Amino acid sequence: MHDARVLVVDDSAAMRALFCDVLEQSKNVRVIGTAANAAEARDQIAELKPNVVTLDVEMPGMSGIEFLEEIMTSGSPLPVVMLSSLTQSGTETSLKAFELGAVECFPKPLKATPEQFAKTVGKLGKIVLAAANSNVRDKPRPKAARSEDADYAANGKIAAFSTSMGGVDALTEVLGHYPKACPPTVIILQTEPMLAEMFIARADKDCACAVKAATDGAELRAGTVHIAYDPGRHVIVEPGNPAKLRLIDRDPVEGFRPSATLLFGSLSRGGMPTIGAVLTGMGEDGAKGLRLLQAAGCRTLAQDRASATVPQAPAAAVEAGAVSAELKLEELAADVLRNCSQEE
């Protein structure tokens, strides 16, 4: 992993100073320049050669989202972390930023107390370092086509996924391949709750299957995808016919809540036929749980490290010896559907 060399772009001098101070205190992160607008940033990128950019959404002149599109289609794209307010319009813009190729969208806690602000922005250094070591695509990825496989029939196996940084983009592609009668699926998505809620609403509208927020007691049935994102509660699966989701109050597991390792472990202990997968993301969450699934005879997958936006989580699963196959997203979606089909 190489160090992050960051260019901070924000029209507010106070915010530039604040984010610079936060990032300079982060291990393996160095701020090499700042810019107040797109024109200044363009010159700084050419001169300083940063390996990651933090970019404010709202700027005078060319907006952050317009400049992001320019960066990603320039022929020499850079990892970009967008900074956006936690509002409905800001969240909609964040989803657009993911479509254009942003590695992550970080919320500006504008109305937070000093303590809340310090806690929130303390995450930024880790995010920026992961972004500097991410795989950047050189052009916007088109939205995945809606599956039209009307003949698909699930065989009862549960599909379980985990993802964080880059996850919105990855799930858009995977769920775009899902047919209406998809396998019962539970997904842990580590992202801002407001962004997760808007993504779920959009996916439920765009995908052939139903996409819902995970709720306590929800039954796992074919045709529905349940996405867990609440940072205050874990999600596990309770055996039964059908199996049910349970949201539980418990301390973070190895720093994560909801924890993919806890989810995968519950499926393993319950003896439920499952196919598990770790997609793009930060950290090592899910690796130990995936190994438990593998030991229980389940098929386990990881997103290809070379194509994952942030390869840390898939790499941890592979290095733990917990993965049956390492696949690109389209291949991974096809593998899940094949193994969960009655025609298997």
> Among Ala334, Ala320, which is touching a helix residue (DSSP H, G or I) at 6+ places or on another chain (Cβ under 7 Å), of a type in the set (Gly, Ala, Ser), surrounded by fewer than 21 Cβ atoms within 10 Å (Cβ to Cβ) and in the same structural domain as Gly271 (by TED's automatic domain parsing)?
Replying inline: Ala320
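Report yes if Glu326 is outside any loop (DSSP other than H, G, I, E, B), in contact (Cβ under 8 Å) with a residue 24 or more places away in the chain, surrounded by fewer than 24 Cβ atoms within 10 Å (Cβ to Cβ) and of a type outside the set (Gly, Ala, Ser), otherwise no.
So Glu326 passes the test.
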>> What are the pairs with Cβ atoms under 8 angstrom where one residue, in segment 285-308, is closer than 20 Å to Gln190 by Cα and the other, located anywhere, is among the aromatic types (Phe, Trp, Tyr) and part of a loop (DSSP other than H, G, I, E, B)? Sequence gap at least six, or different chains.
In response: none
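Specify which of the listed residues (Val253, Val278) is among the β-branched types (Val, Ile, Thr) and touching a Pro at 6+ places or on another chain (Cβ under 7 Å).
Val278
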>> Every residue in segment 219-237 that is of a type in the set (A, V, I, L, M, F, W, C) and in a strand (DSSP E or B), please.
In response: Val225, Ile227, Ala228, Val235, Ile236, Val237
>> Contact list please: Cβ distance under 6 Å, first residue in segment 106-134 and outside any helix (DSSP H, G or I) and crowded, with 17+ Cβ neighbours inside 10 Å, second residue of a type in the set (Ser, Thr, Tyr) and at pLDDT below 90, pairs at least six apart or on different chains.
In response: Lys108/Ser85
> Of all residues in segment 172-199, which are crowded, with 21+ Cβ neighbours inside 10 Å, within 19 Å of Pro231 (Cα to Cα) and of a type in the set (A, V, I, L, M)?
Replying inline: Val186, Ile187, Ile188, Leu189, Leu195, Ala196
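Table: residues versus (1) without any contact (Cβ under 8 Å) to a residue 60 or more places away in the chain; (2) under 25 Å from Gly283 (Cα atoms); (3) under 14 Å from the mean Cα position of the chain (by Cα); (4) not assigned by TED's automatic domain parsing to the domain that holds Pro107.
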site	(1), (2), (3), (4)
Cys182	no, no, no, yes
Leu189	yes, yes, yes, yes
Ala213	yes, yes, no, yes
Leu247	yes, yes, no, yes
Asp251	yes, yes, no, yes
> Within segment 1-55, which residues are hydroxyl-bearing (Ser, Thr, Tyr) and surrounded by 15 or more Cβ atoms within 10 Å (Cβ to Cβ)?
Replying inline: Ser26, Thr34, Thr54
>> Where the second residue is part of a strand (DSSP E or B) and among the acidic types (Asp, Glu) and the first is closer than 15 Å to Thr274 by Cβ and in the same structural domain as Asp251 (by TED's automatic domain parsing) and lies in segment 219-240, which pairs have Cβ atoms under 9 Å and are six or more apart or on separate chains?
In response: Gly240/Glu219
> For segment 266-312, what are the residues that are surrounded by fewer than 24 Cβ atoms within 10 Å (Cβ to Cβ) and at positive phi?
Replying inline: Gly271, Gly283, Gly297
>> If I filter segment 226-236 for residues that are out of contact with any Pro (no Cβ under 7 Å at 6 or more places or on another chain) and closer than 18 Å to Val174 by Cα, do I get at least one hit?
In response: yes
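The values are calculated or read from the model by the stated rules, or taken from the named source; none is laboratory data. All of these numbers come straight from a predicted model, not from anything done at the bench. Note that we place each Cβ from the backbone using ideal geometry, even for glycine, and neighbour counts take in every protein chain shown.
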